[in-house]
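Q: Can you keep this structure in mind? I'll have questions shortly.
The values are calculated or read from the model by the stated rules, or taken from the named source; none is laboratory data. The structure displayed is predicted, hence computed values, not measured ones. Glycine gets a Cβ as well: all are built from the backbone with ideal geometry, and neighbour counts include every protein chain shown. SASA here: full protein model, heavy atoms, side chains in, ligands and nucleic acids out. Shrake-Rupley method; radii C 1.70, N 1.55, O 1.52, S 1.80 Å.
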Amino acid sequence: MRHRSILAALLAATALALLGARASSADPGQGQHRGHRLVFVQTNELSGNAIAVYRRGNDGQLTRVGTYGTGGLGGAALPGTESDRLATQGSLALDQGTLIAVNAGSNTVSAFRVHGQALELESVTPSGGQFPASVAIHDDLAYVLNSGGTGVVQGFRIGPHGLSPIAGSARALGLANTTPPNFLMSPGQVGFTPDGRQLLVTTKASTSSIDVFQVGNDGQLSAAPVANPSATPVPFAFTFGAGDRLVAGEAGASSVTTYGIQASGTLVDPKSQTDGQGALCWILRVGDVYFVTNTASNDLSSFRIDPLGQPVLLNAVAATTNPGPIDLASSGGYLYAETGINGTVDEFAFGPNGTLTPIGSVDDLPPGIEGIAAS
């Protein structure tokens, strides 16, 4: 049963003003289709992957309105009992009405078109590698990160009938992972810079590097990336801040690190701050606040970035969660945190200075969920 707080409605009325948030300053995919107020959750079930669609109420709480099979299978990184079965950020990506999901267990990616509260499956396409786990979108260009084996990024065009692979776009990362990969060694995320001219991949414990490819006008990548050692160990997830500065979650020291990105792909001027918690991995920008999940300590922290790029810890524990918090999404004045062990989506209302107030939890999902996006 869900506990519904009257306080939630009052918090919602002031949340956006408190944050100073705008859709343009949130992560890609957030703030789209605002009239429909939807949250999409990837079930990642080994027997058949699916997308659960939830409508966000005026109080911020979620009600399921549909479930849509992806036509593929979910997956589990080794050993298979961890909270993050895909071990990545960005396994479900939403942009301009297109929703792309990974099917790590069948090495495919699925593209849906969002129609109101419904999804239409447009294509199920080979991912170009083994254990697809993260997706990046910029305009009509998508890249999929395949985490198994050597690690491969594969390019696609987004068209009226889903995804079409770009011939010759695959690039190997030179890793030495198993298939499925170990969750600590598998790469953490693929993502474009805001201008779309570079593509980044974090390698986590495999090499503790942030690889930067150049992106050509034809969608092809440079033959090899610039491999940048991370400032602290195990770079995992990332977003971007003011001036397109890279803002990364790095799990080894449970820290947020920012970097300048040069045109050459070299990262410069790193600045780090730990939250003092356990295994900071996922990160989401909402306005000028950066929320992170600490999967080993079952809580969320919040940061700001000062004008010089230094992360500033606002709240070491902005909220506690169900066991194993992983991916985050925001919609309106609310934050949603997946937890992979119990299979919940914990719901929070934004407060001032990076604080969060719990308002409920969705508990109709299976353990092992991973991937969340919101409009």
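Q: Could you order VAL109, VAL152 so the one with the most accessible surface comes first? Probe is 1.4 Å.
A: If we order VAL109, VAL152 from most to least accessible, we get VAL152, VAL109.
Q: Turning to a different aspect of this structure: Would you check the accessible area of ILE100, probe 1.4 Å, heavy atoms only, in square angstrom rounded to 10?
A: Solvent-accessible area, nearest 10 Å²: 0 Å².
Q: Something else now. Pull out the extension gain between VAL312 and ALA176, defined as 0.36 nm times the separation in residues minus the alpha carbon to alpha carbon distance; nm, one decimal.
A: 45.4 nm
Q: While we're on this one: Can you divide the C-alpha Rg of segment 125-183 by 2.2 N^0.38 Å and report the result to two decimal places?
A: Relative to the rule-of-thumb radius for its length, segment 125-183 sits at 1.12.
Q: While we're here: Using a Gaussian network for the chain with springs between C-alpha atoms less than 10 Å apart, which of these wobbles most: GLU45, GLU120, GLU338?
A: Of the options given, GLU120 has the highest mean-square fluctuation.
Q: Here is a further query. Rounded to the nearest whole Å², what accessible area per residue is found for segment 110-178 with the 1.4 Å probe?
A: So segment 110-178 comes to 36 Å² accessible per residue, rounded to a whole number.
Q: Let me ask something additional. Give the calculated FRET efficiency between ARG245 and ASP139 to the nearest 0.05, with a Förster radius of 30 Å applied to their Cβ-Cβ distance.
A: 0.85
Q: Still on this structure, please answer the following. Using alpha carbons only, how many angstrom separate the centre of segment 152-170 from the centre of segment 88-129?
A: 12 Å
Q: With r as the distance between the Cβ atoms of GLN262 and ARG304 and R0 = 25 Å, compute the FRET efficiency 1/(1 + (r/R0)^6) and round to 0.05.
A: It comes to 0.55.
Q: Using amide H atoms built in the peptide plane, which far-off residues or other-chain residues are under 5 Å from GLY351 H to H?
A: LEU356, THR357
Q: So what is the accessible area of segment 233-375 per residue, in Å², with the probe set to 1.4 Å?
A: On a per-residue basis, 28 Å².
Q: While we're here: Could you work out [θ]222 nm for the chain from helices alone, using -39500 (n - 2.57) per DSSP H run of at least four and dividing by all its residues? Round to the nearest 500 deg cm²/dmol.
A: So the calculated ellipticity at 222 nm is -1000 deg cm²/dmol.
Q: Which FRET efficiency value, to the nearest 0.05, is calculated for HIS161 and THR355 with the Förster distance at 51 angstrom and r the Cβ-Cβ distance?
A: Efficiency, from the Cβ-Cβ distance: 0.70.
Q: Using label points projected 7 Å from each Cα along Cα→Cβ, tell me how many nm separate LEU46 and GLN220, to one decimal.
A: Label at LEU46, label at GLN220, 4.1 nm between them.
Q: To continue, here is another question. With all protein chains present, how much of the accessible area of segment 95-167 (probe radius 1.4 Å) comes from carbon and sulfur, to the nearest whole percent?
A: Carbon-and-sulfur percentage of accessible area, whole number: 52.
Q: So which residue, out of GLN117, GLN310, GLN89, gets the largest mean-square fluctuation from a GNM of the chain using Cα contacts under 10 Å as springs?
A: GLN117
Q: Students sometimes get this wrong: rank ARG171, ARG64 by accessible area, probe 1.4 Å, all chains present, largest first.
A: Solvent-accessible surface, decreasing: ARG64, ARG171.
Q: Build a GNM of the chain with springs between Cα atoms under 10 Å: which of ALA242, ALA205, ALA279 gets the top mean-square fluctuation?
A: ALA242
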